[in-house]
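*Asks:* I have a structure I would like to understand better, so I am pasting it below and will then ask my questions one at a time.
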There are 2 protein chains.
Amino acid sequence: MKIIIIGGVAGGATAATRLRRLDEHAEIILLERSGYVSYANCGLPYYIGGIIENKQDLTLNTPESFSTRFGIDVRVHQEAIDIDREHKIVTIRETETDRVYREKYDKLILSPGARPVQPPLPGIDSHNLFTLRTVEDALAIRQFIETRKPKSAIMAGGGFIGLEVAENLRHAGLDVTIVDLADQVMTPFDADMAALIQAQLKKNGIHLKLKSSIAGFEETETGIRVLRKDEASLEADMALLAIGVRPDTKLAEKAGLQLGLKGAIVVDDTMKTSDPSIYAVGDAVVIRNAVTNQEALIALAGPANKEGHIAADNICGLEAHAQGSLGSSVVKIFDMTAASTGLSEKAAAAAGIDFDRVVLSPLSHAGYYPGAQSMFMKVVYERQSLRLLGAQIVGYEGVDKRIDVIATAIKAGLKADALADLDLAYAPPYSSAKDPVNMAGYIIRNVSGGLMKQFHWNEVQDLPAAAFKLDTRTEAEYAAGHIDGFKNIPLDELRERLEEIPAGQPVYVMCQSGLRSYIACRILMQNGYDAYNLSGGYSFYSAVMQERMPASSALPCGMEIK
Amino acid sequence: MKIIIIGGVAGGATAATRLRRLDEHAEIILLERSGYVSYANCGLPYYIGGIIENKQDLTLNTPESFSTRFGIDVRVHQEAIDIDREHKIVTIRETETDRVYREKYDKLILSPGARPVQPPLPGIDSHNLFTLRTVEDALAIRQFIETRKPKSAIMAGGGFIGLEVAENLRHAGLDVTIVDLADQVMTPFDADMAALIQAQLKKNGIHLKLKSSIAGFEETETGIRVLRKDEASLEADMALLAIGVRPDTKLAEKAGLQLGLKGAIVVDDTMKTSDPSIYAVGDAVVIRNAVTNQEALIALAGPANKEGHIAADNICGLEAHAQGSLGSSVVKIFDMTAASTGLSEKAAAAAGIDFDRVVLSPLSHAGYYPGAQSMFMKVVYERQSLRLLGAQIVGYEGVDKRIDVIATAIKAGLKADALADLDLAYAPPYSSAKDPVNMAGYIIRNVSGGLMKQFHWNEVQDLPAAAFKLDTRTEAEYAAGHIDGFKNIPLDELRERLEEIPAGQPVYVMCQSGLRSYIACRILMQNGYDAYNLSGGYSFYSAVMQERMPASSALPCGMEIK
């Protein structure tokens, strides 16, 4: 059997090595357009900033070592330019010599990946404007930084790569401005969770220009000018474009393979394309969102690796099926960690799902053990069935742990309230006897069981005028910052001061994190009140509002991010 | 409704607050023998070592604050001494005054916990010999350390508490010796994984005396002498006894409640005892092992908290059922973390389950990103059904994350090989595109699918004499330490040197971690050899053997713990 693989990074490299392990005698040719295979794609931003010091650390596998170990014919600087499906022939151009030649195949695997979107803007080909996809791109950017010593950079795009590169440019000492068309960074996150990320970016000296549309680029003497629609242009010594990626499927299209969503390659759950001799994997294929069962594009290394494995198995006669993806992801933002899995609120809404959600701010580990840090966690679930839909967590220590636990629970089909019953490992340096994930489950059980009714940060400004608004924190906490219109009755005095709360009107209750106000709600409900708890508490409300609302807004009380 | 709760820590305190939230109008009396309620039980070892500096940090809830917030009648220094089940009356002794009085109840919750085992040895009541259960115990030990300034301590018992206290005594500057009857520390772990923990203890200056039986204690002028059966006695300035705990069920026994395993209280899955008006929770009750479905005692804070919640729900008419426990646990040992969930190999064997297991040593995060550390991970599963049974992990960063993911997978009923398909969050600082848990799943899939056969560290010395033993590491690695009888053919030369391996005999293959030798096994199997891969590789073998075998053993080649 002769197998040609086009694309030698995540999906392609995984497929190649799995193929070899399954079939020692197959002829395997791995074609890669760049000069590197099986390199540390996700490490490229960290090479730019020097956190990964040496180029060698990015490219542990050389084409030669990869070839030697696996008996694979690795060919770098080779671009597949045509597929003759009828005769099963790939036409290949050696990019350094322009030599063109042909190879027959029995099976073909396409792993072309995705290219950074480069809109047809004026000046898009400017010097001093970079994109980041390959090792060569990273080398060029780092060389630019080392030789030209830029003092400032504009990062067009506030997604994963944008944020990772922005952090690394800061690390390299540059003044960094992120420009994004959306009104938030990190679109897999809801705007409220993204607000926490935005605050962290600003805290670390990164400027944010959101809802800002780039109209073009102009080279300047010292760098580049970024033109914006209806806004002043920005200048910097360099700019990077990371406004998204697009499946790199020109070859597949030319070959007449069936394409789908956004031009990505359509595959079945064995990763087979519309041609039974051709498989495709990675960022270039249409996959299934494991929660909605809808088609999706997910450009992540984890799914790409799994897909390469699945394609190889099926080619070699083993049974293996793609199961859809949750799009679980995590990103480091300086000392902060932000992670998500499954559906956000907006994704659930877009899918037409009747969802509910809880927000909490548990500590990463037992509060009495040094170093505990609070995180904000949002869990989204289907209201009636309690099907777990997704989660977002922003914090410091232990964020990645909790997102992986919830991703596992979603994958396994656990109900949202079953998070309360998970038997997680506890010792004071690692967690609490009730882990944050357990706490989310308990809150969901209380909400779905009718023990607690909620209201949310974005509803605070529109509460009924006649409603009673109650802040159950201590006097000192209240004095340090509160929401206008909320009256302070500390929880521990509530039972004695119930007569201060008028009957017949709903009561909206808040505290710092949502726990004391929950206890207050229980007291009120059992005394005949219709009480609602502020989800996430004042800490979430104030953190989100400080970022979402301009200064001198409806927040007169000197709110501070916790 | 009037509810009396006996025992005010984990289970009892959780039940009390949940009861109040569910029933604002119930009369709730919480009786606690010690002077503290709802305190940080699991933090006590860290208070001894001064990592938790202040007593206040252990006792965030005072009896008064707890009482105020929840409207609960909290009574400390009160010991329940009798239960008149017929008339539903508890007789209570106020320990500071010896006043005895009675309280009627409608429902009673027992949360007496477990006491440190104190065998009837000579000198068991010696001064300078401590146990650790209550805040008072911790205060006494810390005061002893601060005023008497002991230089040495003997820790009788190498379980969770023993190790946590030993680390903290080291932290306080003492010379510490752990004495244990077993041939390993930490019995929830298999001996091989425990060996890694033992090496860590020794590396941090703790002396280990295993298979050592304590015969008694004698006070000395400066401290205490620990007498041992058939061995020299040991002397130190102080000693601690932490050789296990026993359910504290004297009161339940006196009341005629049904007791079971090791004298613990028998409850149904609503936490109800044999008396329908009496519930019991926490360390004192018989629970179900969620994997074997067998009865078990598990003295952990997580299950105790869940049980308190369940008891309260059922008393208030909500439906809630205990689901058994995996006994998930984690312990910090200096900079190391050791964690387990579900069944160990020996527990699976004891339960009569036909199990298999894989051992791997993945990195905590992408190797090219600074700071990655390897961990040893063992996953145990039922051989035919691939039912996940348990896991043990010993390492540094990210151990707690992976054990929680696997605990969630077990709880949800995922098959062992489905770990490969989990959609976990990846970025270089947090994981690899194939997370360690994914890797375990892939290995299990390969083993169960017949792509790879394994042999284990404890079989190395008994391999058939005629078998070919192959070390596929580099020459440099081989020269730095190898197992006698294993011939070195580096993986990358294997295809060319196959003729050096005789046909007709099994081939036992090893490398450092098990990955290269797996690739070698695949090459060999497809060339007609019957090949076996050393599970966990040389790194696991050498780490275990160095600890398990005395010096000058069958390991002549200067093995070193990785």
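*Asks:* Compute, for chain A, the length of the dipole vector about the Cα centre, with Cβ point charges of +1 (Lys, Arg) and -1 (Asp, Glu) only. Units Debye, rounded to 20.
*Replies:* With Lys and Arg at +1 and Asp and Glu at -1, about 340 debye.
*Asks:* Can you list the residues, at least 5 places off or on another chain, whose amide H is less than 5 Å from the amide H of A:Asp82, using H built in the peptide plane?
*Replies:* A:Thr91
*Asks:* For B:Lys346, place a label point 7 Å out from Cα along the Cα→Cβ vector, do the same in each other copy, and report the separations in nm, one decimal, smallest first.
*Replies:* So the distances to the same position in the other copies read 5.5 nm.
*Asks:* Ok, one more. Treating only the Cβ of Lys, Arg, Asp and Glu as charged (+1, +1, -1, -1), what charge dipole size does segment A:110-222 show about its Cα centre? Round to the nearest 20 debye.
*Replies:* Numbers: 11 positive and 14 negative charges, 50 e Å.
That gives segment A:110-222 a dipole magnitude of about 240 debye.
*Asks:* Among B:73-83, B:11-21, B:48-58, how do they line up by average Cβ neighbours within 10 Å per residue, starting with the highest? Could the numbers behind the result be given before it?
*Replies:* Values: B:73-83: 18.9, B:11-21: 26.4, B:48-58: 16.9.
Top to bottom by mean Cβ count within 10 Å: B:11-21, B:73-83, B:48-58.
*Asks:* Taking Rh as the Kirkwood radius computed over C-alpha pairs, what is the Stokes-Einstein D of chain A at 37 °C in a medium of viscosity 0.692 mPa s, expressed in µm² per second?
*Replies:* The Stokes-Einstein estimate is 127 µm²/s.
*Asks:* To the nearest 0.05, what FRET efficiency results for A:Glu459 and B:Gln56 with a Förster distance of 35 Å applied to their C-beta separation? Show your work: numbers first, answer last.
*Replies:* On the way: r = 38 Å, r/R0 = 1.08.
According to the calculation, E is roughly 0.40.
*Asks:* Here is a follow-up. Rounded to whole Hz and in sequence order, give me ³J(HN,Hα) for segment B:473-487 from the Karplus expression 6.51 cos²θ - 1.76 cosθ + 1.60, θ = phi - 60°, writing x for Gly and Pro.
*Replies:* 7, 6, 4, 5, 4, 4, 5, 6, x, 8, 9, 3, x, 8, 8
*Asks:* If you don't mind, there's one more thing I want to ask. List, shortest first and in nm to one decimal, how far the label point of A:Asp492 (7 Å from Cα along Cα→Cβ) is from its counterparts in the other copies.
*Replies:* 6.8
*Asks:* While we're here: What's the average, rounded to a whole number, of partner chain beta-carbon atoms within 10 Å of each residue's beta-carbon in A:428-441?
*Replies:* Counting Cβ atoms of other protein chains within 10 Å of each residue's Cβ and averaging gives 5.
*Asks:* Can you give the Rg and Dmax of the protein assembly as shown based on its C-alpha atoms, in angstrom?
*Replies:* For the protein assembly as shown, the Cα radius of gyration and maximum Cα-Cα distance read 31.5, 100 Å.
*Asks:* If you take the beta carbon distance between A:Asp106 and B:Gln384 as r and set R0 to 25 Å, what does 1/(1 + (r/R0)^6) give as a FRET efficiency, to the nearest 0.05?
*Replies:* 0.10
*Asks:* 222 nm [θ] for chain A, helices only, -39500 (n - 2.57) per DSSP H run of 4+, per residue, to 500?
*Replies:* -8000 deg cm²/dmol
*Asks:* Pull out the extension gain between A:Val117 and A:Asp82, defined as 0.36 nm times the separation in residues minus the alpha carbon to alpha carbon distance; nm, one decimal.
*Replies:* On the way: separation 35, 0.36 × 35 = 12.60 nm, distance 2.28 nm.
That works out to 10.3 nm of additional length.
*Asks:* Next question, about the same structure. Between the alpha-carbon centers of segment B:135-208 and segment A:121-177, tell me the distance in whole angstrom.
*Replies:* Their Cα centres are 52 Å away from one another.
*Asks:* Also, quick follow-up: When a footprinting reagent is the concern and you count Cβ atoms within 10 Å, what order do B:Arg516, B:Arg102 take, fewest first?
*Replies:* B:Arg102, B:Arg516
*Asks:* What are the label-to-label distances in nm, one decimal and shortest first, from B:Pro370 to the same spot in the other copies, with labels 7 Å along Cα to Cβ?
*Replies:* Relative to the other copies, B:Pro370 has label-point distances of 2.3 nm.
*Asks:* Between B:Val245 and residues 5 or more places away or on another chain, which pairs have amide H atoms under 5 Å apart, with H built 1.01 Å from N, and which residues are they?
*Replies:* B:Val117
*Asks:* Right, something else. Restricting the count to DSSP beta bridges whose residues both fall in segment A:373-520, what percent are antiparallel, rounded to a multiple of 5?
*Replies:* For segment A:373-520, the DSSP antiparallel bridge percentage is about 55.
*Asks:* Compute the separation of the alpha-carbon centres of segment A:458-475 and segment A:406-436 and state it in Å as a whole number.
*Replies:* Taking the Cα centre of segment A:406-436 as reference, the centre of segment A:458-475 is 32 Å away.
*Asks:* Nearest-5 percent of antiparallel DSSP beta bridges in chain B?
*Replies:* Antiparallel: roughly 55 percent of the beta bridges in chain B.
*Asks:* What are the residues whose amide H is under 5 Å from the amide H of A:Tyr36, where those residues sit 5 or more places off or on another chain and H is modelled from the backbone?
*Replies:* The list, which skips near neighbours in sequence, is A:His77.
*Asks:* Next question, about the same structure. In sequence order, what are the phi-derived ³J(HN,Hα) couplings for segment A:405-414 according to the Karplus relation 6.51 cos²θ - 1.76 cosθ + 1.60 with θ = phi - 60°, rounded to whole Hz, with x for glycine and proline?
*Replies:* Once rounded to whole Hz, the list reads 5, 5, 4, 5, 5, 5, 4, 7, x, 5.
*Asks:* Can you give the mean number of other chain Cβ atoms that lie within 10 Å of the Cβ atoms in peptide A:412-424?
*Replies:* Partner Cβ neighbours, averaged per residue: 6.
*Asks:* Take the Cα gyration tensor of segment A:53-148, multiply each eigenvalue by 5, square-root it, and list the three semi-axes largest first, rounded to whole angstrom. Could you put the intermediate results ahead of the total?
*Replies:* Details: eigenvalues 180, 91, 27 Å².
The three semi-axes for segment A:53-148 are 30, 21, 12 Å.
*Asks:* About its Cα centre, how strong a charge dipole does the protein assembly as shown have in debye, to the nearest 20, once Lys and Arg get +1 and Asp and Glu get -1 at the Cβ?
*Replies:* 540 debye
*Asks:* Right, another one. What does the charge count near B:Gly324 come to, summing +1 for each Lys or Arg and -1 for each Asp or Glu among other residues with Cβ under 14 Å from its Cβ?
*Replies:* Charge balance near B:Gly324 sits at -3.
*Asks:* Let me ask something else. Each label point is 7 Å from the Cα along the Cα-to-Cβ direction; what then is the distance between the points at B:Gln258 and A:Lys2, in nm?
*Replies:* Each label point lies 7 Å from its Cα, and together they span 7.4 nm.
*Asks:* Considering only A:Met375, A:His365, A:Ala412, whose Cα is most displaced toward the positive end of the charge dipole of segment A:335-439, charges sitting on Cβ of Lys, Arg (+1) and Asp, Glu (-1)?
*Replies:* A:Ala412
*Asks:* Which whole-number percent of Cα pairs in segment B:335-445 have a distance greater than 18 Å?
*Replies:* When every Cα pair of segment B:335-445 is considered, 44 percent fall beyond 18 Å.
*Asks:* Same structure again: On a C-alpha basis, how far is the centre of segment A:14-51 from the centre of segment B:255-299 in Å? Whole number, if you could?
*Replies:* 55 Å
*Asks:* On to the next question. State the answer as a single residue: which of A:Leu494, A:Leu257, A:Val226 lies farthest towards the positive end of the charge dipole of chain A, with beta carbon charges of +1 for Lys and Arg and -1 for Asp and Glu, about the Cα centre.
*Replies:* Among A:Leu494, A:Leu257, A:Val226, the one farthest towards the positive end of the dipole of chain A is A:Leu257.
*Asks:* I would also like to ask the following. Estimate the FRET efficiency between A:Glu493 and A:Asp530 by the formula 1/(1 + (r/R0)^6), using the beta-carbon distance for r and 25 Å for R0, to the nearest 0.05. Kindly include the intermediate steps, with their values, before the conclusion.
*Replies:* Numbers: r = 21 Å, r/R0 = 0.84.
Once the sixth-power term is evaluated, E becomes 0.75.
*Asks:* Let me ask another. Read phi for every residue in segment B:62-72 and hand back ³J(HN,Hα) as whole Hz from Karplus 6.51 cos²θ - 1.76 cosθ + 1.60, θ = phi - 60°, with x for Gly and Pro.
*Replies:* Values per residue, Gly and Pro as x: 7, x, 5, 5, 4, 5, 4, 5, 10, x, 10 Hz.
Bear in mind that the values in this text are calculations on the coordinates, not laboratory data. Being a predicted model, the structure only gives us computed values, none of them experimental. Neighbour counts are summed over all protein chains in view; Cβ atoms, including those assigned to glycine, are modelled from backbone coordinates with ideal geometry.
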